[in-house]
Structures are given as C-alpha cells and as structure tokens.
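Read the structure below first, then the notes.
What follows draws every value from the coordinates through simple rules; no lab data is involved. Source: prediction; values computed, not measured. FYI the Cβ positions are ideal-geometry reconstructions off the backbone, even for glycines, and counts take in every protein chain you see.
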Amino acid sequence: MRFVDQSPYWIPQDFAHENHRLTRISETRELPPLNIDFPFSESLRSLLSGRQLLLDEVTTLYPLDVIHQHHLAGFITYEPSILSSNSKPRCLRCHQQDPTLFFSHPCARCKEECTYCRKCINMGKASSCTPIVLWCGPEAPLSLPTEPILSWEGTLSKPQHEASMNLVAAIKNKTSLLIWAVCGAGKTEMLFSGIEYALSKRLRVCIATPRTDVVLELVPRLKQAFSSSTVAGLYGGSEDRFGSAMITISTTHQLYRYRHAFDVMIVDEVDAFPYSMDESLQKAVEHSRKKDATLIYLSATPNKSIQAAAKRGELPMVAISARYHAHPLPEPVPKWIGNWKKSIDRKRIPIPLQKWIIHRLTNQIPILVFVPNIPYMERLEKLLSTSTTAKIAAVHAEDPGRKERVQQMRDNQLALLLTTTILERGVTFKGVEVAVLGAEEEIFTESALVQIAGRAGRNKDFPKGNVTFFHHGYTKAILEAQAHIRQMNLDAKKKGWLLTAKKGT
Amino acid sequence: MYHNVLDQNRSLYMYNEALKELIKRLKYQRDWKIASCFADEMNKMIREFPAYDLIVPIPLGNRRLHERGFNQTEALLYEANLPFTSLLARKDGEKQSKKSKKERIHTENPFSLVGKEELPGKKILLIDDLYTTGTTLRHAAYTLKNAEAKAVNSMTIGR
C-alpha cells in the first residue's frame with residue numbers, strides 16, 4: 001500500500017486526496033503524539049500488543065479506517081518490513097539480509113519495483129510496500145489467573161527441585177539460566193514453579209521450541225497444570241495464531257510475529273534443527289522477548305557455544321544429571337560392524353546387527369534402529385521383512401504416515417521401527433532398546449547420539465535398555481557421546497541423585 | 001457460441017501435486033520468483049508453436065490484481081523474457097478456483113478489449129497459468145476473434 005507522507009502521520013492512499021503524492025513507508029518514524037482520550041479498541045490492542053504484524057494481516061481482521069483512526073490518535077505506528085539501505089535489503093520481520101533470499105518485481109500495488117523477503121513468505125509477504133503495524137498505545141495489563149495458579153499435584157524429584165529453585169530465582173532476578181537436563185529428567189515439570197511465580201507477577205511467559213511436535217505435546221500438559229490461565233499453542237497452521245495468552249507455546253518460526261512481548265522466554269532444545277542452524281530464528285527469539293526479559297535455555301545437549309558461555313560464567317548453569325526415576329542413563333555400547341553398506345548392497349543384513357535384532361525379537365523387546373539415510377533404511381527394511389515375520393516399519397521426515405507409525409510403535413503393534421534421526425528427540429517407547437547403524441556417519445553428531453541413547457530406559461519399570469552403536473570406525477562424536485553420558489552418570493552419583501548410590505550406603 | 005474459437009492449446013505439464021504446490025506459491029503466497037522456474041520450458045515450447053504476431057496474457061480483474069500485487073501470467077512472461085501486449089481487461093468475479101466445473105462453463109464472458117492494437121488479421125498466442133475447463137481461454141479467444149483476430153492459440157503451464 002502507498003501513503004501520503006504528512007509527518008508524523010502516514011495517510012493511506014484510500015483516504016488521500018487525488019493530488020497528493022503517494023509514497024511507500026521507507027523509514028521508522030518517531031511516534032505520533034498520543035491522544036489519551038481516544039476510545040481505542042480493546043480487541044485491536046490485544047491483537048497488536050507485543051506483536052509485529054504485516055498491514056495485510058491486520059486488514060483481514062479490521063477495516064483500514066479503524067486502523068487509521070488509531071494511528072491518528074497515536075496508538076498505532078508503522079515501520080517498513082523491508083528496509084533497503086545502499087540497495088542492500090534487510091527484512092525487519094525475520095531479520096535476514098542474505099541477498100539471495102530477496103527478490104524484486106514490478107508491483108501493481110505500489111507501481112514501483114518492489115522487493116520482498118522469500119525467507120518468511122510462508123507467514124505472509126513482507127515487501128517494500130507492506131508496512132509492519134505496531135501498537136504504541138498503553139499496553140494491555142495482563143490479568144491474574146485465579147488461585148490456585150498451579151493445579152499440578154505431582155512431586156518433583158530432587159534434581160527437578162533443584163532446577164525449579166534455580167529457575168524461580170532467575171525469573172525473580174531477571175537473569176539468564178541454562179538448564180542442562182539429561183533426556184528423561186522431566187523437563188516440563190521443572191518449569192512449573194517458575195511459570196507459577198511469573199504468572200503471579202503478571203509476567204508473560206513463552207516457551208519456544210524449534211519443533212512443532214513439542215508444541216503439540218506441551219500445550220495439553222500446560223493447560224492441565226495451569227487450568228485458570230490462558231495457554232496458546234502456535235505452529236504453522238495452528239488455529240489461535242493471533243490470540244493473546246498468559247502462556248504462549250510457540251515454534252521459533254511463529255515468533256516472527258512478536259516483538260518485545262515476553263517477560264520470560266524459555267527456549268527448549270536450543271540445539272535442535274533448525275534453530276541451531278538458523279541465525280534468523282535466534283534473532284526472532286531475541287526480538288520477541290522484552291529487553292530485560294529472563295532468558296532460559298533448556299537442553300539435554302547444549303551446543304559448544306552455549307557450553308562455553310556457561311564455562312566462562314557468562315551464563316549461569318544448573319546441571320540436572322539424573323533422570324526422574326533416579327536410575328543412571330544407559331551407557332551406549334560401541335560395536336564394530338565392518339563395511340555395513342557393502343553388506344546391505346549385497347542384500348545381506350550385517351551379522352552383528354542381525355544377531356542383536358534376533359535376540360530382541362525372540363525376547364519380545366521393542367526395537368528402534370537408527371539409520372543414517374533413507375535409501376539404506378529402505379533397503380534394510382526390505383531385507384528385514386523378508387527374513388522375519390515380525391512387524392516392521394520405517395519412518396522419515398517426509399513420510400506422510402509418520403504419526404500413525406510412531407503411534408503403532410507406542411501401542412506395541414510393531415516389533416521394530418527403523419528411523420532416520422527424525423526420532424532422535426521427543427519420543428518415548430516403553431521398554432525399547434536402541435541400535436544405531438553406521439554410528440560413524442557424519443549425521444550422528446555427539447548431540448544426536450546422546451539424544452538417541454536417551455530414548456532407552458525412560459520408563460521406571462524398564463530403566464536399563466541396551467543401546468548399541470554399530471560402527472565402521474570410531475569417530476570423535478561417538479567418543480564424546482560416550483564421555484558425555486558417563487560424565488552425567490558420575491555427576492548424578494556424586495550428588496546422591498541415583499537409587500543405586502543409595503543402596504550402596 | 002464459444003465452440004471452436006480457440007484453435008489449439010498446448011500445456012507444459014500435466015497438473016500434478018508438485019505443479020499445484022508451485023502455482024500455489026506463485027499465486028497465493030505471491031512469490032514472484034517461482035515464475036522463473038518455467039522460463040526455459042516456456043521458451044522451448046513457444047519456438048515450436050505455429051507462427052503468431054502477438055503474445056497476450058490472460059489478465060486479472062483490478063481487485064484481484066491489487067490483492068496479489070502482480071498478474072502471475074505476466075510474471076511468467078516477464079521471467080521468460082517474452083515480450084507481450086496487454087489487449088484484454090477483465091471484470092472481477094468469483095475466484096475461478098472457488099467455482100465448480102459447471103459454474104465455470106456457464107459464466108458470462110468477463111473479458112473486454114483494451115489496447116489500440118489493430119487486431120484484424122493478427123495471429124494471437126494467449127498465455128495463462130492453468131487450463132482447467134478451458135472456459136477462460138475460450139472466453140478470451142471469443143473476445144479476440146470478435147474483433148477479427150485471424151487465429152487464437154493458447155499455451156498454459158499446467159493442464
């Protein structure tokens with residue numbers, strides 16, 4: 001859209017006189033003066049507070065003249081979504097400036113060459129003539145949930161309690177914190193006291209995760225624990241995209257729509273793809289939280305740079321080295337398998353793997369096998385299904401039947417599930433034992449291997465679960481993953497968090 | 001009335017899931033760059049076409065054009081470096097993709113002639129993104145033939 005520039009106001013072309021010069025909003029202006037007596041729209045405020053929506057998104061919900069009246073009263077301001085300085089474009093919504101991710105074309109709206117961002121186009125087109133709408137009137141006060149704020153009545157394990165105390169202190173003092181918690185530590189419950197405290201102080205809480213399945217898993221659990229609070233789940237295609245809630249659980253992508261919104265920002269699985277690889281998602285986390293917000297990192301496998309920040313003392317850290325059920329993490333067993341690719345190419349299941357699988361099939365232990373890529377996974381699936389009558393399936397990221405197959409595995413309808421690294425996180429199969437085929441492959445990084453090993457022994461009735469890394473040569477990642485898990489078990493033992501340690505005394 | 005007004009149509013691709021996804025990105029996400037994917041194939045096919053004098057893109061109605069910010073058919077031609085002449089105007093109607101097949105076939109002709117180009121005796125190549133029932137192209141061809149165009153062929157990306 002084009003506007004008439006009547007500084008500090010922008011008059012939309014629909015309301016301009018014919019002889020006025022039309023222009024695009026190309027710079028951020030100082031705020032228009034606020035008319036305190038203006039009868040502003042409460043619903044528009046709750047839509048826009050803490051957000052950065054494109055004008056196109058707002059006009060699907062409100063008529064342009066309502067938006068314009070709020071602008072004239074100083075409650076709404078505009079800024080460009082694409083900033084072009086020295087012909088180098090930058091997207092102010094997703095914060096990227098890679099020239100290959102912009103494109104320009106003659107535009108029927110602004111009658112000029114119009115540049116747009118291809119990176120965040122899935123969330124609506126940010127372009128030279130599409131401004132961002134910002135609320136600059138008084139903020140909506142966050143309401144207080146009714147008591148009891150936290151309706152969860154479970155008990156925390158000792159390590160969970162320690163994490164929980166640290167979290168409450170970090171929120172009180174507005175400091176950052178890394179919670180380094182092993183797989184199966186019970187991360188969600190550790191957050192409850194901290195969130196309860198934040199809500200009691202009318203602070204807005206966000207849990208951000210790179211993965212949609214984590215959002216889907218967390219929303220019902222938090223709704224149940226905080227039954228008098230509003231909880232919104234945001235992911236691509238979710239319903240309550242524009243809702244305003246006390247607790248927001250969002251994929252990192254959806255944070256592109258927020259600005260200075262959250263007092264407490266909890267980033268779950270900071271090391272997971274794509275967040276770890278995508279600088280603009282990291283910036284989205286930065287921009288969506290308030291400047292003085294508490295920033296909490298939560299991970300079983302924080303990456304090297306976060307670990308280093310913790311070591312230097314820049315980022316306070318609490319290590320939760322024991323699982324909720326207080327049994328040690330299963331330590332992976334490395335096993336030489338030779339040239340497994342050649343075996344599979346010759347239509348033979350590598351013998352060590354075959355033995356390992358047969359043993360478990362005969363003892364009716366559910367099996368999860370990680371394979372480094374889809375072609376080998378499919379070949380192995382064929383070989384296995386011709387050599388056993390047990391029910392076997394395979395899943396990968398693009399697989400449309402992925403959800404069903406994972407559910408079948410949960411329901412014990414499958415004896416063996418082959419998977420790519422897609423299932424390295426977030427899944428729990430009771431009593432499962434885990435094999436990694438080709439653990440030396442590059443895709444199996446230290447954190448991937450630690451997460452994979454973390455699939456085993458999660459249930460207190462089956463805390464031991466074997467984990468075997470079948471490899472054709474050791475890698476640094478294999479050794480580091482082993483050391484990592486061993487270190488966590490030692491730490492837990494030292495802190496007296498393990499059951500076996502108690503028995504010994 | 002619209003029978004035989006279109007001499008022939010050729011399409012680059014059968015309409016399938018992959019093409020559907022690309023066209024969706026181009027038209028509804030408004031990602032102009034997608035149009036460049038088809039540039040080479042369009043040029044190849046157009047070289048094998050019977051001779052023509054003018055390329056005419058199927059236009060959008062004004063409201064739709066403003067919504068989308070560009071006409072996807074012009075974007076396709078623009079990226080393929082194919083010069084074109086905008087001879088047609090179109091009344092805004094219900095979105096084609098929201099109509100049933102029957103509704104599409106029995107709608108009134110939304111096209112009218114703009115442009116001062118002398119049509120009589122000219123051979124026209126119409127361009128559109130998709131050929132579904134052919135009604136849009138036949139309506140456009142009818143309008144052109146009514147103004148004494150000699151031949152009207154068409155090319156679309158998908159069918």
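Points worth noting:
- Pairs from the table (A:290/B:33; A:88/A:283; A:347/A:391) lying more than 25 angstrom apart at Cα are A:290/B:33.
- Net charge of Cβ neighbours under 10 Å - reference residue A:379; Lys, Arg +1; Asp, Glu -1: 0
- On the beta carbon distance between residue A:494 and residue A:464, with R0 = 22 Å, the FRET formula returns roughly 0.55.
- For residue B:123, the aspartates and glutamates whose Cα falls under 18 Å of its own Cα, not counting residues fewer than eight places away in the same chain, are B:7, B:48, B:53, B:148.
- Unpartnered cysteines - no second Cys beta carbon under 4.7 Å - across chain A: A:136, A:183, A:206
- Lysine pairs with alpha-carbon atoms under 20 Å apart, the range A:126-215, spacing 8 or more or separate chains: 4
- Separation of alpha-carbon centers, the range A:111-161 and the range B:1-49, rounded to whole Å: 39 Å
- Total charge dipole magnitude, the range A:87-219, about the Cα centre, Cβ charges on Lys, Arg, Asp, Glu only, Debye to nearest 20: 620 debye
- Mean-position separation - Cα centroids, the range A:430-505 and the range B:52-88, in angstrom: 60 Å
- Relative to one another, the C-alpha centroids of the range A:167-220 and the range B:115-137 are positioned 60 Å apart.
- Listed by chain and number, the lysines whose C-alpha is less than 19 Å from the C-alpha of residue A:341, apart from same-chain residues fewer than 8 away, are A:355, A:382.
- Label-point gap, in nm, between residue B:40 and residue A:72 - each point 7 angstrom along Cα→Cβ: 5.5 nm
- Rounded, prolate or oblate (a/c below 1.5 giving rounded, otherwise prolate when a/b exceeds b/c) for the protein assembly as shown by Cα gyration tensor: oblate
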